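Below: one structure, written as structure tokens.
The values are calculated or read from the model by the stated rules, or taken from the named source; none is laboratory data. Worth saying up front: this structure is predicted, and the values here are computed from it rather than measured. Virtual Cβ from ideal backbone geometry, glycine too; neighbours counted across all protein chains shown. To get the accessible areas, we keep the full protein, side chains included, count just its heavy atoms, and leave off ligands, DNA and RNA. Shrake-Rupley method; radii C 1.70, N 1.55, O 1.52, S 1.80 Å.
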Amino acid sequence: MCRRIAEGTRWKKCGHFQRHLVVAIMDCNSSRCERSYLHSKSCRDQACQKNFGPDVQKDIDTVNDDCFQCRAAAARKLPA
């Protein structure tokens, strides 16, 4: 399964990755993956892989905090 190489921010406290940009595609070289150059354009096999695999995460920035979603979730849990 082909994968995207993504650059983004790593949030240190929660460990989440926020993708900013996909910089490249890593070809899996499989004729059974529709994203690969080796996949035949005339193939109609429904069993072929259609989606990208998990992103290869390249940290270009790190923030020593929780990500926005984790901060929002924590704020919702606080008693009013």
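The loop-placed trypsin sites (Lys or Arg not before Pro) in the chain, going by DSSP, that have at most 15 neighbouring Cβ atoms within 10 Å of their Cβ come out as K12, K13, R32, K41, R44, K50. In summary, the lysines within cross-link reach of K12, defined as a Cα separation below 26 angstrom excluding same-chain residues under 8 places away, comprise K58, K77. The 1.4 Å probe gives accessible areas that order S30, S42, largest first, as S42, S30. For the stretch 20-80, relative contact order (Cα pairs under 8 Å, six or more residues apart, normalised by length) works out to 19 percent. Summed over the residues of the chain and divided among them, the accessible surface reaches 74 Å² per residue at a probe radius of 1.4 Å.
With respect to the chain, whose longest principal axis is taken over its alpha-carbon atoms, helix 68-77 is tilted by about 50°. Summing charges over neighbours of I5, with a neighbour being any other residue whose Cβ is under 9 Å away from its Cβ, gives +1 when K and R count +1 and D and E count -1.
At 25 °C and 0.890 mPa s, what whole-number value in µm²/s does Stokes-Einstein give for the translational diffusion of the chain, with Rh from the Kirkwood sum over Cα pairs?
164 µm²/s
Each Lys or Arg adds one and each Asp or Glu takes one away; over the other residues whose Cβ falls under 11 Å from the Cβ of C48, this sums to +2. From helices alone, the chain scores -3500 deg cm²/dmol at 222 nm; the rule is -39500 (n - 2.57) for each run of n ≥ 4 DSSP H residues, then divide by the residue total.
Hey, any idea what % of the stretch 25-80's accessible area is carbon plus sulfur with a 1.4 Å probe?
Reported share for carbon and sulfur atoms: 52 percent.
A simple charge model with +1 on the Cβ of Lys and Arg, -1 on the Cβ of Asp and Glu and nothing else charged puts the dipole of the stretch 1-54 at about 240 debye relative to its Cα centre.
With 0.36 nm allotted per residue and the present C-alpha distance subtracted, the Q18-L78 stretch has 19.1 nm of extension available.
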